[in-house]
Ligand SMILES: *Cc1c(COP(=O)(O)O)cnc(C)c1O
């Protein structure tokens with residue numbers, strides 16, 4: 001018997017979530033599969049999402065792996081090329097590049113090949129992370145349109161607050177004003193925008209988190225959005241014990257029992273990707289029953305309250321997140337977001353599909 005922690009990736013849930021995207025928009029869908037498909041496994045996720053019109057990621061070697069596996073869709077590198085040496089790979093494998101900086105433009109100018117490259121020009125409409133300022137766009141567009149290596153240009157931007165009440169209108173105005181000057185396809189929408197700002201869908205939407213069954217919003221659950229959890233992280237109790245009043249649990253003795261109680265030890269810790277800063281009270285399922293974590297998370301283990309889980313024993317199933325225990329609730333309790341927890345699953349956790 002192996003250590004009982006295990007992640008099961010539900011590919012039919014992934015397909016369901018893609019259909020939720022497709023029902024929400026008439027735009028082409030570029031599935032965002034960066035960060036090893038948000039921790040779910042790049043190639044298996046791509047296979048389940050093969051109906052998507054394109055894929056977006058960060059690493060050119062991952063993009064080449066997709067081409068080698070015969071995916072013919074648009075494959076977009078969200079940060080573009082990181083050195084001039086990468087440019088021939090974009091041509092050879094017909095990869096689409098974001099261009100967001102003058103440095104990349106200079107590398108492109110020095111690139112000897114003719115035509116072929118499809119470019120997404122990133123406009124900084126207010127997030128101030130990547131992209132050209134709106135006032136720079138006319139000159140950059142001229143340069144790209146007359147560039148011997150460039151075949152087509154799509155205009156893109158990214159929203160900072162699509163998931164919040166203020167929404168996208170300021171950035172959308174900035175983007176639309178500049179984009180109105182060109183007959184170029186447009187791409188603006190992350191998951192939150194797909195779900196709540198149909199006026200900003202453009203020609204290509206770029207959903208990530210919603211495909212994996214986590215909500216992009218702090219105040220709307222994935223279930224309410226029709227999304228199903230894709231990653232089911234489970235383990236077992238490997239020890240059960242009784243505490244007396246005053247006993248403490250774990251490193252730093254940060255939890256102290258007020259009265260006698262039963263607790264269990266779960267084979268899951270921060271070296272598996274569980275957030276170490278999750279406080280006492282973070283929700284978790286034991287034997288299908290909701291309970292809470294106790295004390296500090298260790299590298300390989302964490303403690304749970306079994307006071308109300310009368311049938312719990314060594315070997316009882318523990319759902320850390322997934323079906324019945326939304327990752328967004330665990331994330332909220334730990335002061336983070338579902339994205340971070342999903343991406344943080346570590347190499348040592350066995351994964352099945
Ligand atoms: C990660 C990313 C997305 C996907 O965002 P979600 O919130 O996961 O839907 C879309 N566009 C860009 C540029 C990104 O970096």
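The values are calculated or read from the model by the stated rules, or taken from the named source; none is laboratory data. Since the structure is predicted, the reported quantities are computational estimates derived from the model, not experimental observations. Positions of Cβ are generated from backbone atoms using ideal geometry, with glycine treated the same way; all protein chains shown enter the neighbour counts.
Every test in (1) closer than 20 Å to residue 222 by Cα; (2) part of a loop (DSSP other than H, G, I, E, B) is passed by residue 311 save one, and that test is (1). In the condition set (1) surrounded by fewer than 21 Cβ atoms within 10 Å (Cβ to Cβ); (2) more than 30 Å from residue 18 (Cα to Cα), residue 174 is compliant with all but (2).
When the stretch 198-216 is limited to residues that are free of Cβ contacts under 8 Å to residues at least 60 places away in the same chain and surrounded by 18 or more Cβ atoms within 10 Å (Cβ to Cβ), the one that is farthest from the ligand (Cβ to nearest atom) turns out to be 200. Being modelled with pLDDT of 95 or more, away from the ligand (no atom under 13 Å from the Cβ) and surrounded by fewer than 21 Cβ atoms within 10 Å (Cβ to Cβ) holds for only one residue in 221, 235, and it is 221.
Inclusion of residue 210 among residues that are over 15 Å from the mean Cα position of the chain (by Cα) and closer than 19 Å to residue 78 by Cβ is not warranted. When the criteria are applied in full, residue 182 meets the requirement of being more than 16 Å from the ligand (Cβ to nearest atom), surrounded by fewer than 23 Cβ atoms within 10 Å (Cβ to Cβ) and assigned by TED's automatic domain parsing to the domain that holds residue 153.
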